[in-house]
Structure formats: structure tokens, C-alpha cells
């Protein structure tokens with residue numbers, strides 16, 4: 001199920017990164033029209049979508065590694081969501097200091113971090129279980 005959800009996200013990110021980014025900004029920012037994306041963000045999102053699809057579908061091993069990598073990202077988001085956003089915003093926005101994040105964004109980042117860590121832990125646990133064959 002996770003692979004299907006991530007595939008859908010990857011396809012949307014690959015095919016319509018502008019729409020995905022705009023929707024995310026409308027949800028997360030109080031002032032999305034006042035924040036200017038850096039020129040590389042839309043093409044970068046397209047490349048990220050392609051990379052997600054490639055890694056998820058290249059092999060079961062690459063998909064497993066991807067889920068473990070999500071855990072690393074998740075730990076950062078879980079432990080320090082404010083630092084996570086404060087670090088990422090200037091990478092994506094030319095005027096990151098002008099971006100007003102909605103109050104729930106930091107807790108939402110922490111929640112996504114928990115989800116990513118759980119995905120990674122589930123994968124690590126699956127790796128340690130003996131084959132049932």
C-alpha cells in the first residue's frame with residue numbers, strides 16, 4: 001500500500017510539480033503569495049519525483065533502502081521540526097524570512113517524522129525476521 005501511495009506522489013511530483021507545490025504552500029503558509037520560490041525548486045521537484053519512482057521500482061532492495069532513508073529524514077523532523085523547516089525554507093525560497101508558516105506546520109512536521117521513523121523501523125524489523133519459506 002505504501003508503495004502505491006508513494007508512487008502516486010512521485011507521479012504527481014514528476015508530472016505537475018507546480019500544482020503540488022502551490023497546493024502545499026496554500027496549506028502550510030499564511031502568506032503563500034508573498035514567498036518567492038527559487039528557480040530550481042520546480043525542476044528539482046520533478047527530478048525528485050523521477051528519483052522516487054526509480055528507487056521504489058528498480059528493485060525490492062532499493063525500495064527497502066529508500067524506506068530506511070526515510071527513517072533518517074524522519075529522525076531529524078521528529079527531533080527538531082523547527083530547525084528542519086528553518087534549514088529547508090532558505091533552500092526553497094529566496095525570501096524565506098518573509099514566509100509565515102501556519103502554527104500547525106511544526107507539529108505536522110514532527111508527525112511526518114514519526115511516520116517516517118515507523119516506516120523505517122518496520123522495514124528494519126522485516127529485515128531481521130527469518131524467511132517463512
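Values computed for the structure shown
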item	result
Crossing angle, helix 17-28 versus the chain [Cα axis fit, 0-90 degrees, rounded to tens]	70
Sum of -39500 (n - 2.57) over DSSP H runs of 4+, divided by residues of the chain (222 nm, nearest 500)	-25500 deg cm²/dmol
Tilt relative to the chain, helix 2-15 - C-alpha long axis, 0 to 90 degrees, to 10	40
Contour minus Cα-Cα distance for residue 2 and residue 82 (0.36 nm per residue)	26.1 nm
Residue 125/residue 97 FRET efficiency (R0 35 Å; Cβ-Cβ; nearest 0.05)	0.25
Acute angle (nearest 10 degrees) that the helix 41-58 long axis makes with the longest principal axis of the chain, alpha-carbon atoms	10
Sorted by Cβ density within 10 Å, fewest first, the residues 102, 4	4, 102
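Rule-based calculations on the coordinates, nothing more; no lab input. Bear in mind that the values here come from a model prediction, so they are computed numbers and not experimental data. Ideal geometry is used to build each Cβ from the backbone, glycine not excepted, and the neighbour counts take in all protein chains shown.
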